[in-house]
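Everything below concerns the one structure shown next.
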Amino acid sequence: MAYPFELPPLKFAFNALEPAIDAKTMEIHHDKHHGGYVNNLNAALKEYAQLQKYDVQWLLRNINSVPEGIRTAVRNNGGGHANHSLFWEILTPGGSKRPSGALDKMITDTFGSFDAFVEKFNQAASTRFGSGWAWLALDAAGNLLVYSTANQDSPYMDGYTPILGLDVWEHAYYLTYQNRRADYIKAFWPLVNWDAVVNHFKMAV
Ligand code: MN3
């Protein structure tokens with residue numbers, strides 16, 4: 001999918017993740033925040049016909065070859081579009097307990113145990129100062145890593161492929177949790193759609 005980019009519809013109702021994530025937050029977050037990134041990305045690319053054939057992952061992987069005049073706009077808004085598109089996909093009402101198959105084994109092999117992985121991810125999410133994201137991603141050699149990025153910076157910009165992400169911008173949790181980011185992080189795990197994460201893992205390896 002390339003220019004003009006479109007806001008992907010949510011696959012569940014705004015209130016479907018309550019009480020973990022409230023309906024108002026979901027509505028504003030999806031329609032206004034993500035919608036804004038899509039609109040701003042399209043506006044940035046409007047006069048750059050040579051870039052309009054590329055998908056957002058390509059634009060982010062090749063951010064340094066994007067013309068300087070729109071590089072920051074593509075970084076922020078392309079990142080925002082890619083990050084949120086993944087985020088909505090890996091959330092689902094009721095979630096699923098654990099990843100299956102090869103991903104489950106690779107998480108255990110890489111981090112020692114599933115619980116150790118969760119702890120490391122929570123650490124990345126809670127210590128990201130200001131706005132950003134925590135990620136489970138694959139590097140170019142196919143190794144799993146957990147880390148965080150600032151603002152809307154995308155793992156694609158680092159040569160990684162994200163398969164699970166958590167938005168820790170205040171807009172993602174402030175209405176329900178105010179300053180209690182740790183409570184929001186804890187409430188996230190039961191919503192994770194591991195089937196979707198496994199699909200992204202399979203596409204990336
Ligand atoms: Mn967000």
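The values are calculated or read from the model by the stated rules, or taken from the named source; none is laboratory data. For clarity, every value in this text was computed on a predicted model and none was experimentally measured. As a convention, Cβ positions derive from the backbone with ideal geometry for all residues, glycine included, and neighbour counts pool all protein chains shown. The accessibility values were calculated without ligands, DNA or RNA, using every heavy atom of the protein model including side chains. Shrake-Rupley method; radii C 1.70, N 1.55, O 1.52, S 1.80 Å.
Once you have a ≥ b ≥ c as the square roots of the Cα gyration tensor eigenvalues for region 7-108, tell me rounded if a/c is under 1.5, and otherwise prolate or oblate according to whether a/b is larger than b/c. Oblate is the answer for region 7-108, as a/c is 1.5 or above yet b/c matches or exceeds a/b. Evaluated over the chain, the count of Lys pairs having alpha-carbon atoms less than 27 Å apart is 23 (only pairs 8 or more residues apart or interchain). By definition, a body whose alpha carbon gyration tensor gives a ≥ b ≥ c is oblate when a/c is 1.5 or more and a/b is not larger than b/c, and the chain fits this oblate description.
Per residue, region 86-197 exposes 43 Å² of accessible surface when a 1.4 Å probe is rolled over the protein heavy atoms with every protein chain present. Keeping the other protein chains in place, figure out the carbon and sulfur percent of the accessible area of region 101-204, with a 1.4 Å probe. On region 101-204, the fraction of accessible area on carbon and sulfur atoms equals 51 percent.
Spin-label pair Met1-Arg98: with each label point 7 Å from Cα along the Cα-Cβ axis, the two points sit 3.3 nm from one another. When nucleic acids and ligands are ignored and a 1.4 Å probe is applied, Asp55 ends up with an accessible area of around 60 Å².
Let me make sure I get this right: for region 101-204, a, b and c are the square roots of the gyration tensor eigenvalues over alpha carbons, sorted descending. Under 1.5 in a/c it's rounded, otherwise prolate if a/b > b/c, else oblate. Which is it? Since a/c reaches 1.5 and a/b is larger than b/c, the shape of region 101-204 is classed as prolate.
Between Ala23 and Tyr147, the modelled label-to-label distance comes to 4.0 nm, taking each label 7 Å out from Cα in the direction of the beta carbon.
Provide the net charge surrounding Gly165, with neighbours chosen by a C-beta distance below 14 Å and charges set as Lys +1, Arg +1, Asp -1, Glu -1. Combined, the nearby Lys, Arg, Asp and Glu give -3.
Between Leu175 and Ser131, take the C-beta separation as r, use R0 = 22 Å, and let me know the FRET efficiency to the nearest 0.05.
0.90
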